[in-house]
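A short worksheet on the structure shown next.
The values are calculated or read from the model by the stated rules, or taken from the named source; none is laboratory data. For clarity, every value in this text was computed on a predicted model and none was experimentally measured. Neighbour counts are summed over all protein chains in view; Cβ atoms, including those assigned to glycine, are modelled from backbone coordinates with ideal geometry. Ligands, DNA and RNA are stripped out before the accessible areas are found, and what is left, the full protein with its side chains, is counted by its heavy atoms. Shrake-Rupley method; radii C 1.70, N 1.55, O 1.52, S 1.80 Å.
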Amino acid sequence: MSRLLVIGCGGVAQVAIQKCCQNSETFTELMIASRTESKCIELKEKIEKSGSPVKLSTATVNADSKEDLVKLINSYKPDVVLNVALPYQDLTIMDACLECKVDYIDTANYEPEDTEDPEWRAIYEKRCKEKGFTAYFDYSWQWAYEERFKEAGLTALLGTGFDPGVTSVFTAYAAKHYFDEIDTIDILDCNGGDHGYPFATNFNPEINLREVSANGSYMENGKWVETKPMEIKRVYNFEGVGEKDMYLLHHEEIEALGRNFPNVKRIRFFMTFGQSYLTHMKCLENVGMLSTAPINFEGHEIVPIQFLKALLPDPASLGPRTVGKTNIGCIFTGRKDGKERKIYIYNVCDHQECYKELGSQAISYTTGVPAMIGTALVAKGIWKKPGVFTTDQFDPDPYMDMLNQYGLPWVVDENPVLVD
Ligand code: NDP
C-alpha cells in the first residue's frame, strides 16, 4: 500500500511504471513526473484505459533543481521515489529525498552532464589516478551519501536495472546457493535484436555512447586493469541468440561487486556489438559528435552529443521494429563443498514479446522490470535498511522470485562454456 513518485518518462520509465501498475497490491498511488509532462499524460491515459486500479497523476519537474524536486515531493508526499531520469540527476534527487525524508531508488550511477566542468574534472582526475579507471561514472559520489541516509533512517537502492541490478542479484544468489568461494565473474550482455536502422541506440543515446566509447576495464585481484576501447574481443554462443562478437567494457557493477565480494579474483563485463554499430560510432567519435563540451554554432550554444541524440531514433520508438532476443547473465567459477563448480545464470528476453505486452523493446523492458522489483522490495520493507546500497547487498531470493513472476524468468546452466 504505497505511494510512489517516478521521475522520468522515457523508455525505461514507461516499462517500470506499467509494471508497477501490474503490481497494484504494492503500489496503490503513483505520480509520473518528468521534464515533458505530455509524455506522462499519454502514458497515464494508456494505463487508465487498460483498467488499472492504481491512482495515477502527472506533473512536470526539473530534476536538475533540488528546489523544484523538494516542492514536488512535499506536495505529493510519496513513500518512495524512483529515479528513471538520467544519471545526471542522481545527486539532486538524492538531496531532495534526504530533505523530504523519502527512500530513493535508481538504475544508473551518477555522472555529470558536462565532463569539462573544472570542479568535477579535478575530482575525476584525482580518482582516475587513485583507482586506475577513467570512466566518467563511478560510485564514489553516491556512496558519499551513506552516513546521511543512515542518520535519516532512509534507504537508497542504487542501480536496480538489469546490468547493474539483476547481474548483481545473480551474484548474491550464486554466493548464497551455489558457491562457498567465487573465483571469477564474467557478466555477459548480449542483445541479438535487430531494429532495421543502420545506427540507433537501445537506451538513452548520450549515456549509451559515452559508456561504449570509453576505455574498457576489469578487476583482477582487487585492482583495476584498463584497456583501450574495444581492445578485448571474444566470440560467444548465446542460448536463444547464437554466436556473437562481444567486447570488454568498463561497467558500474564491477566496482560494487569488487567492493562487496573482495575475495573474487577477477570480474569482467562483456557486451555484444555488430560491426555496423561500431563503425558508425567510431566515425561519429572521430568527427567530434560524441563530445559533451558545448560549442558555438551560428550564435547558438550546442552540445554535439545532444544534437546527435536529436537526430537518432528515440529508443522508446524502437519497440515495433525490433526483432530477436537478448541474453544477459553471469558466468561464475569457484568451489562448493571442496569441488570446482561453474554456472551461468541468465535471462533470455524476446523483443517482440515485450512489445506485445507493454509496447517497448527488450532493453527498456529488461531495465524497467527490475526497477519496479527493487522499488517494490524497498516499499514493502523487505529490502529496507538505513544507508546506501547496491542490489547485491540484500537477500536475493525475493528479487529472484519476482523476476520469474514479472516477465524475466532466469535459468541456471550448470555446465556453461567459459570465456577465455
Ligand atoms: P530516456 O532518455 O528515454 O528517458 C529519460 C527521461 O528522463 C525522459 O523522460 C526525460 O525527459 C527525463 N529527463 C531528462 N532530464 C530531465 C530533467 N532534468 N528533469 C526531469 N526529467 C528529465 O532514457 P532511458 O529511459 O533509456 O534511461 C533511463 C535511465 O535508465 C538512465 O539513467 C539510464 O542510464 C538507465 N539505464 C539503466 C540500465 C541498467 O540496466 N541498469 C540499462 C538502460 C538504461 P524528456 O522526455 O523531456 O526527454
Among Asn204, Asn221, which is open to solvent by 20 Å² or more (accessible area, probe 1.4 Å) and within 16 Å of the ligand (Cβ to nearest atom)? Asn204
Every residue in segment 250-291 that is closer than 23 Å to Asp163 by Cβ and among the polar types (S, T, N, Q), please. Asn260, Asn263, Thr272, Gln275, Ser276
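Specify which of the listed residues (Asp401, Asp392) is assigned to a helix (DSSP H, G or I), charged (D, E, K, R) and either open to solvent by less than 10 Å² (accessible area, probe 1.4 Å) or closer than 24 Å to Asn109 by Cα (or both). Working first, answer last.
Details: Asp401 fails: either open to solvent by less than 10 Å² (accessible area, probe 1.4 Å) or closer than 24 Å to Asn109 by Cα (or both).
The conditions single out Asp392.
Could you say which residue among Asp189, Asp183 is of a type outside the set (Val, Ile, Thr), more than 15 Å from the ligand (Cβ to nearest atom) and outside any loop (DSSP other than H, G, I, E, B)? Please lay out each step first, then the result.
Numbers: Asp189 fails: more than 15 Å from the ligand (Cβ to nearest atom).
Step by step, each of Asp189, Asp183 is checked, and only Asp183 is of a type outside the set (Val, Ile, Thr), more than 15 Å from the ligand (Cβ to nearest atom) and outside any loop (DSSP other than H, G, I, E, B).
When segment 312-347 is examined, which residues are found to be among the β-branched types (Val, Ile, Thr) and either touching a Cys at 6+ places or on another chain (Cβ under 9 Å) or in a helix (DSSP H, G or I) (or both)? Spell out the reasoning first.
Step one: list which residues in segment 312-347 are among the β-branched types (Val, Ile, Thr), which gives 322-323, 326, 328, 331, 333, 343, 345.
Of everything in segment 312-347, those that are among the β-branched types (Val, Ile, Thr) and either touching a Cys at 6+ places or on another chain (Cβ under 9 Å) or in a helix (DSSP H, G or I) (or both) turn out to be Thr322, Thr326, Ile328, Ile343, Ile345.
When segment 20-42 is examined, which residues are found to be touching a strand residue (DSSP E or B) at 6+ places or on another chain (Cβ under 6 Å) and open to solvent by less than 50 Å² (accessible area, probe 1.4 Å)? If you could, list the steps in order and put the result at the bottom.
So the first thing to find is which residues in segment 20-42 are touching a strand residue (DSSP E or B) at 6+ places or on another chain (Cβ under 6 Å), and the list is 20, 27, 29-33, 37, 40-41.
Within segment 20-42, Cys20, Phe27, Leu30, Met31, Ile32, Ala33, Cys40 qualify.
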Trp143 passes all but one of the listed conditions (1) open to solvent by less than 30 Å² (accessible area, probe 1.4 Å); (2) aromatic (Phe, Trp, Tyr); (3) more than 30 Å from His280 (Cα to Cα); the exception is number (1)
Specify the residue that is farthest from the ligand (Cβ to nearest atom); the eligible residues are those in segment 18-32 that are of a type outside the set (D, E, K, R) and touching a residue at least 40 places away in the same chain (Cβ under 8 Å). Thr26
Say we look at segment 339-359 and pick out the residues that are farther than 27 Å from Cys21 by Cβ and without any contact (Cβ under 8 Å) to a residue 40 or more places away in the chain; which of these is surrounded by the fewest Cβ atoms within 10 Å (Cβ to Cβ)? Lys339
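Of everything in segment 256-274, what is open to solvent by 10 Å² or more (accessible area, probe 1.4 Å), in a helix (DSSP H, G or I) and in contact with a strand residue (DSSP E or B) (Cβ under 8 Å, 6 or more places away or on another chain)? Give them in sequence order.
Residues of segment 256-274 open to solvent by 10 Å² or more (accessible area, probe 1.4 Å): 258-266, 268, 271-274.
From the residues that got through so far, the ones that are in a helix (DSSP H, G or I) too are 258-260.
Answer for segment 256-274, where residues must be open to solvent by 10 Å² or more (accessible area, probe 1.4 Å), in a helix (DSSP H, G or I) and in contact with a strand residue (DSSP E or B) (Cβ under 8 Å, 6 or more places away or on another chain): Gly258, Asn260.
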Keeping to segment 43-68, report how many residues are of a type outside the set (Lys, Arg), touching a Ser or Thr at 6+ places or on another chain (Cβ under 9 Å), more than 9 Å from the ligand (Cβ to nearest atom) and open to solvent by less than 80 Å² (accessible area, probe 1.4 Å). 5
Which of the residues belonging to segment 73-90 are open to solvent by 20 Å² or more (accessible area, probe 1.4 Å) and either outside any helix (DSSP H, G or I) or aliphatic (A, V, I, L, M) (or both)? Lys77, Asp79, Ala85, Leu86
Could you give me the residue pairs with C-beta distances under 8 Å whose first residue belongs to segment 145-172 and is near the ligand (Cβ under 10 Å from one of its atoms) and part of a loop (DSSP other than H, G, I, E, B), whose second residue is open to solvent by less than 10 Å² (accessible area, probe 1.4 Å) and among the acidic types (Asp, Glu) wherever it lies, and which are 6+ apart or on separate chains? Gly159/Asp106; Gly159/Glu253; Thr160/Asp106; Asp163/Glu253; Pro164/Glu253
Subset of segment 200-225, residues under 26 Å from Ala85 (Cβ atoms), in a loop (DSSP other than H, G, I, E, B) and touching a helix residue (DSSP H, G or I) at 6+ places or on another chain (Cβ under 8 Å), comes to Ala200, Thr201, Asn202, Phe203, Asn204
Considering (1) among the small types (Gly, Ala, Ser); (2) open to solvent by less than 10 Å² (accessible area, probe 1.4 Å); (3) in contact with a Pro (Cβ under 8 Å, 6 or more places away or on another chain), say which one Gly334 fails and leave the rest. (3)
Single residue of Glu113, Glu67 found to be modelled with pLDDT under 95, among the charged types (D, E, K, R) and not in a strand (DSSP E or B): Glu113
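Matching residues to (1) open to solvent by 20 Å² or more (accessible area, probe 1.4 Å); (2) closer than 18 Å to Val6 by Cβ; (3) within 15 Å of the ligand (Cβ to nearest atom); (4) among the polar types (S, T, N, Q):
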{"residue": "Thr92", "(1), (2), (3), (4)": "yes, yes, yes, yes"}
{"residue": "Ala96", "(1), (2), (3), (4)": "no, yes, yes, no"}
{"residue": "Ile105", "(1), (2), (3), (4)": "no, yes, yes, no"}
{"residue": "Ala108", "(1), (2), (3), (4)": "yes, yes, yes, no"}
{"residue": "Pro112", "(1), (2), (3), (4)": "no, no, yes, no"}
{"residue": "Pro118", "(1), (2), (3), (4)": "yes, no, no, no"}
{"residue": "Glu125", "(1), (2), (3), (4)": "yes, no, no, no"}
{"residue": "Glu130", "(1), (2), (3), (4)": "yes, no, no, no"}
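Considering only segment 181-188, I want to know if a residue exists there that is touching a residue at least 40 places away in the same chain (Cβ under 8 Å) and under 27 Å from Gly10 (Cα atoms). Full working, then the answer.
If we filter segment 181-188 for residues that are touching a residue at least 40 places away in the same chain (Cβ under 8 Å), which is where we start, we get 181-188.
Next cut, under 27 Å from Gly10 (Cα atoms) only: 187-188.
Scanning segment 181-188 turns up at least one residue that is touching a residue at least 40 places away in the same chain (Cβ under 8 Å) and under 27 Å from Gly10 (Cα atoms).
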